[in-house]
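Reviewing the structure listed below.
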Amino acid sequence: MAVESELGLILHQLLSIGGWVLARDYRHIRKPGWLGGVILERLSPVIYHVHVELRGELVVWKRHSDQIRH
């Protein structure tokens, strides 16, 4: 669909390396939340590595663009 393609293209242009985002946090299965982080790299058109901080440690999460908010 043309609309989905255009929306996807816009989203991917906004998710730039070094940009601050909210990444889906699945540590609590019954109540997933969001955690702030930074885009480290783009692995594919829709998959990203996001750098987040957990209890003072820097961790890398692999997230689909559907699991990222900017």
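How many of the residues making up segment 13-45 are part of a loop (DSSP other than H, G, I, E, B) and buried (at least 16 other Cβ atoms within 10 Å of the Cβ)? Show your work before the answer.
Our first condition is that a residue be part of a loop (DSSP other than H, G, I, E, B); within segment 13-45, this holds for 15-19, 26-32, 43-45.
Filter once more, keeping what is buried (at least 16 other Cβ atoms within 10 Å of the Cβ): 15.
Residues that pass the stated criteria total 1.
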Subset tally (residues that are without any contact (Cβ under 8 Å) to a residue 24 or more places away in the chain and in contact with a strand residue (DSSP E or B) (Cβ under 9 Å, 6 or more places away or on another chain)) for segment 27-70: 19
Candidate set: segment 11-56, residues that are modelled with pLDDT under 95 and β-branched (Val, Ile, Thr); chosen: the one farthest from Arg69 (Cα to Cα): Ile29
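The values are calculated or read from the model by the stated rules, or taken from the named source; none is laboratory data. No experiment lies behind these values; they were computed from the predicted model shown. Note: ideal-geometry Cβ built from the backbone for every residue, glycine included; neighbour counts use all protein chains shown.
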